[in-house]
C-alpha cells in the first residue's frame, strides 16, 4: 500500500538497502525560506556537502501527490521557482496527496516521510516550537509533537529565535524528547550561539550522538532527538541586533494579525529586511554546518 504513495529515488533506495548512510533534507526552506535562486543554490550545496562526506542526501517533498524521497535538479528548480508549492505539515499531507498537489515539507512532515523510508537522520536549519504568546493563542508547532513520536534524529541550530525558547524546552521535556548540545551546554538560538537556556546534555563527538540514538531506540523509547549545533562563531549575528530585529518583526506580525503557519515565513522575511540580508547569510551558513554534523552522525550510525 505504501508504494502507491512513496517514491524513493533509486540511488537513495540503493543506499538504504545496502545500509549506507543517508540524511534527509526538508523542502520548506527551498520553497518558503529563501528567495530564488539562492534557495536552489543552497539546496544543491547542502546535498554536495553530504556527498563529499560519503553520505547520500535525500531531499524530501511532495510532488504531484507523491511523497518524494530524493529529488532531481528539475524538481528542485520547480520547488524553488513555483508559487504553487504549499507549505505542508502533518495535517496537510492527505489533502496534498489526494489532490495530487505539490507540497514543501516542514520539519514535522520531513520526519514522517523520512521515517516511512527508513531514514534515521535529518538535517535542517531550526525546529519549530512554542510561539510567543502561546498562553493565549495555543500556537505550538507540529514539529514538537512529531519529535515526541517519530524515530528521526534532527540536527539543527536550535529552535528558531522568533519562538518562546523556554516554553519550547519545557514542551520537549514533557514529551521525553532529549535536547542535545553539540560542543555546548547552552541552547543555540538559530542566528546566535547563546540563548540563556541550557540543553539537557552536552556531547562532543558524532559517535557519542550515534551511541545515544541507538540506545534510545534499542530500548523502545520512541520519538526523536534534537541535536543542537551552534552556528559557527564567524557566521553568527550580534545578539542585541538580532534580538531587536526579532522583537520588531514579532510586533509587526501581531499588528497585522499574522499567525499560524504564515507567521514563520513572514517573520524570517521581515528579519531579513531589517538586518539588510545578514540574517539570510547566517541562515545559509548554519544549514551547511548542520549538514556536516548530520553526515558525521549518519556515518557513525551506519557502522
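The values are calculated or read from the model by the stated rules, or taken from the named source; none is laboratory data. All of these numbers come straight from a predicted model, not from anything done at the bench. A quick note on method: Cβ atoms are made from the backbone with ideal geometry, for glycine too, and the neighbour counts reach across all protein chains shown.
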**Complete:** Scanning the range 49-59 for residues that are assigned to a helix (DSSP H, G or I) and in contact with a strand residue (DSSP E or B) (Cβ under 8 Å, 6 or more places away or on another chain), the one surrounded by the fewest Cβ atoms within 10 Å (Cβ to Cβ) turns out to be 51
**Item:** Exclusive hit being assigned to a loop (DSSP other than H, G, I, E, B) and either surrounded by fewer than 23 Cβ atoms within 10 Å (Cβ to Cβ) or in contact (Cβ under 8 Å) with a residue 12 or more places away in the chain (or both), set 176, 166
**Value:** 176
**Complete:** If you go through 68, 45, 14, the only one that is in contact with a helix residue (DSSP H, G or I) (Cβ under 8 Å, 6 or more places away or on another chain), surrounded by fewer than 20 Cβ atoms within 10 Å (Cβ to Cβ) and not in a loop (DSSP other than H, G, I, E, B) is 45
**Asked** Hey, residue 217 hits all of (1) under 18 Å from the mean Cα position of the chain (by Cα); (2) closer than 30 Å to residue 91 by Cβ but one; which does it fall short on?
**Response** (1)
**Prompt:** In the range 71-88, how many residues are within 22 Å of residue 112 (Cβ to Cβ) and buried (at least 21 other Cβ atoms within 10 Å of the Cβ)?
**Reply:** 4
**Complete:** Looking across the range 89-101 at residues that are outside any loop (DSSP other than H, G, I, E, B) and in contact (Cβ under 8 Å) with a residue 12 or more places away in the chain, the single one that is surrounded by the fewest Cβ atoms within 10 Å (Cβ to Cβ) is 98
**Asked** Quick one: would you say residue 114 is crowded, with 19+ Cβ neighbours inside 10 Å, part of a helix (DSSP H, G or I) and in contact with a strand residue (DSSP E or B) (Cβ under 7 Å, 6 or more places away or on another chain)?
**Response** yes
**Message:** Being farther than 21 Å from residue 287 by Cα and within 17 Å of the chain's Cα centre (by Cα): is that true of residue 69 here?
**Reply:** no
**Item:** Selected residue (only one of 30, 62 is assigned to a helix (DSSP H, G or I), crowded, with 24+ Cβ neighbours inside 10 Å and modelled with pLDDT of 95 or more)
**Value:** 30
**Prompt:** What's the number of the condition residue 244 fails, among (1) under 26 Å from residue 282 (Cα atoms); (2) touching a residue at least 40 places away in the same chain (Cβ under 8 Å); (3) more than 18 Å from the chain's Cα centre (by Cα)?
**Reply:** (2)
**Message:** Looking at the structure I just gave you, is residue 295 crowded, with 19+ Cβ neighbours inside 10 Å and not in a loop (DSSP other than H, G, I, E, B)?
**Reply:** yes
